[in-house]
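Undergrad: Here it is, the structure in full.
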Amino acid sequence: MNSSIMSGSCPNMNKHTFPILDQFHVTIETTHNPLEIPLENLFSMAARLNKKRSFLFVSKLLGKHIAVNPYTSLLSGAALAVLLYEDLSQGEDKRIAAWKQCMVRGLIDPDQAREAYESLMKVQMTLPEDVRFVGFAETATALGHSMYELFADRATYIHSTREYLPEIEPDIQFEEEHSHAMSHRCYALDSESLAEGGPLVLVDDEITTGNTTLNIIRDIQRTYPRKQYYIASLLDWRTDADEQKFTALEHELGITITPLCLLKGKIQVMGEPSIDASGEKTGTESASLIHVISVAGELEPWRAVSADSKGNRWSAPYLRYTGRFGIHSSHNAGLDSGISRIAALLREKRKGRHTLVMGTGEFMHIPMRVAAEMGDGVMYQSTTRSPIHTVNRPGYAVVAGEGYASPEDPTVRNYIYNVLPGQYDEIFVLMERHMSEERMQPMLDVLSQLGCKQIYVVYCGVPQEG
């Protein structure tokens, strides 16, 4: 077992103690684990460079800070979808028990993840009514998408974005109170993505206090009123007082809010971290060879102008069906075909046995799906905004990391974690939008020092006009 999440001696079998850097420890009391997934399969622990919270649950499912089998990450969203389907169908579908067994096998054993995911996708579960899914940027954009896509019809998905599109009025806007990056916006290009009436599912990787969820429910209810909400997450750490806020909002607005999660519990932190914000450097002196590839045209573009924090504008097209602008079940087949074409093109470029496919920021789901179709020996992860303390020692969750100015907004710092020299034969970094060499240079400098001889920067969108 990974020593970073080894339980301390505790008479309560529902309590687990996780030491972090021999400086402080986090004790978790598990109150709900519907699939009985061992905690060591869900997360590891790291120290966090954040005054409001000194630690981070580093997910082993998301493919953000730790590389994962892409099917494992896709299956985590599918697991939440089955829990939702069970609630909506009131547990009357006799197949649910078998689906759960299949999911658990895949989530615990990466070698069984593909079979489990593909078998669930073949089920094509049918929703009893129209259901809207909303994923929270940036970490849950793929989680929400993989939850939504398990349903054959009557589903829409949109994810919030930290990007600012000055020429489009956001449908909803809310704040993430505990985060290092606060403003979220949703730009729905059609009314279906947030339409009032049926249930709406808010998807996040982790719920700490739930204040962000309360904010967005209030905002949605003002414009797109409905009676039923679900909050779906991998981890739910709300206290009794936090949960009472949800009960109060239910009474105030006349709604029901149903939580779904893979693990629910209470957290207690003992001790204080004393860490150097610089972390440890693990780079290499050997620069990588970087190739630039374009697969533009395989997925439908969407022209929209973004503005960074300094007001600089960039008009290179986005992709239409990432989820940022809303997607409906009827769009899935076209997206699937485009993903398969990109995967086939990149599969031809593969030369090694150990390959990493990397998503960038909010652009996670399409790279994850591409990685899943690129053959055996492919792992997936994404860049992130999260500042985490890195220490190269056994059992610690984040052993390496490098930061750089984001190509989308140079005032925002992005990070690549847990890539060590010689770990991969090649790395494919997928970019949603085509960026200029000047904007890309800080990222390219970091990529070149990761210790991987062959790196491919793959542009999925077309260049900026003019």
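Readers should treat all values here as calculations from the given coordinates under stated rules, not as data from a laboratory. Because the structure is predicted, anything quoted here is derived from the model rather than measured. Here the Cβ positions follow ideal geometry from the backbone for every residue, glycine too, while neighbour counts run over all protein chains shown.
Undergrad: Return the ratio Rg/(2.2 N^0.38 Å) for region 111-200, where Rg is computed over Cα atoms only.
TA: 1.25
Undergrad: Okay, next question. So what are the three principal axis dimensions of region 38-123 from its Cα atoms, in whole Å, longest to shortest?
TA: That gives 47, 29, 19 Å along the principal axes, largest extent first.
Undergrad: Next up: Determine how many Å³ per residue the convex hull of the Cα atoms of region 144-239 encloses.
TA: 109 Å³
Undergrad: For region 290-306, just list the computed ³J(HN,Hα) in residue order, Karplus coefficients 6.51, -1.76 and 1.60, θ = phi - 60°, integers in Hz, with x standing in for Gly and Pro.
TA: Listing the rounded values in order: 9, 10, 10, 10, 10, 10, 4, x, 7, 10, 5, x, 9, 7, 8, 9, 10 Hz.
Undergrad: Further question on the same structure: Tell me, what is the Rg over Rh of region 46-205, with Rh the Kirkwood radius over Cα pairs?
TA: Reported Rg/Rh (Cα atoms, Kirkwood Rh): 1.00.
Undergrad: What are the aspartates and glutamates whose alpha-carbon lies under 15 Å from the alpha-carbon of Lys52, with same-chain residues fewer than 8 places away excluded?
TA: Straight-line reach from Lys52, under 15 Å: Glu176, Glu177, Glu272.
Undergrad: Can you report the principal axis dimensions of the chain using only the alpha carbons, biggest first, rounded to whole angstrom?
TA: Projected onto its principal axes, the Cα set of the chain covers 57, 53, 44 Å.
Undergrad: Want the number for Ser119 to Arg154: 0.36 nm per residue separation, take away the alpha-carbon distance, what's left?
TA: Net length gain for the segment: 10.5 nm.
Undergrad: Only helical DSSP H runs with n ≥ 4 go in: add -39500 (n - 2.57) per run for the chain, normalise by residue count and round the 222 nm mean residue ellipticity to 500 deg cm²/dmol.
TA: Dividing the helical sum by the residues of the chain leaves -8000 deg cm²/dmol.
Undergrad: With each pseudo-label sitting 7 Å past Cα toward Cβ, what's the Gln464-Thr126 distance in nm, one decimal?
TA: Each label point is offset 7 Å from its Cα along the Cβ direction, giving 4.9 nm.
Undergrad: Pairwise over distinct Cα atoms, reciprocal of the mean inverse distance: report the Kirkwood radius of region 385-466 in Å, one decimal place.
TA: Radius from the Kirkwood sum: 13.9 Å.
Undergrad: Hey, what do the phi angles of region 224-235 turn into as Karplus ³J(HN,Hα) couplings, whole Hz, using 6.51/-1.76/1.60 and θ = phi - 60°, x for Gly and Pro?
TA: Along region 224-235, the couplings run 10, x, 7, 9, 10, 10, 10, 10, 10, 8, 6, 10 Hz.
Undergrad: Please give, to one decimal in nm, the separation of the simple spin-label points placed at Ala344 and His32, each 7 Å out from Cα toward the Cβ.
TA: 4.4 nm
Undergrad: Roughly what % antiparallel, to the nearest 5, for the DSSP beta bridges in the chain?
TA: 45 percent
Undergrad: Same structure again: Can you list the DSSP H helices in the chain whose Cα atoms extend at least 15 Å along the helix axis and whose mean Kyte-Doolittle hydropathy is -1.0 or higher?
TA: Correct list, ordered by number: 70-88, 96-108, 113-123, 211-223, 332-349.
Undergrad: Ok, one more. Say each of Arg353 and Thr256 gets a label point 7 Å from the Cα, pointing the same way as Cα to Cβ; how far apart are those two points in nm?
TA: 5.3 nm
Undergrad: What Rg and what Dmax come out for region 245-392 when only alpha-carbon atoms are used, in angstroms?
TA: 21.2, 61
Undergrad: Could you calculate the contour length gain from Glu92 to Lys266, that is, 0.36 nm times the residue separation minus the distance between their Cα atoms, to one decimal place in nm?
TA: 59.5 nm
Undergrad: While we're here: Taking the Cα centre of the chain as the origin, how large is its charge dipole in debye, to the nearest 20, when only Lys and Arg (+1) and Asp and Glu (-1) carry charge on their Cβ atoms?
TA: The calculated dipole for the chain is roughly 580 debye.
Undergrad: What does the net charge come to around His354 if you take all other residues with beta carbon closer than 15 Å to its beta carbon, with K and R at +1 and D and E at -1?
TA: Its environment carries a net charge of +3.
Undergrad: What percent of all Cα-Cα pairs in region 341-428 falls into each 5 Å bin, going from 0 up to the bin containing the maximum distance?
TA: Result returned by the calculation: 3, 14, 21, 21, 19, 14, 7, 1.
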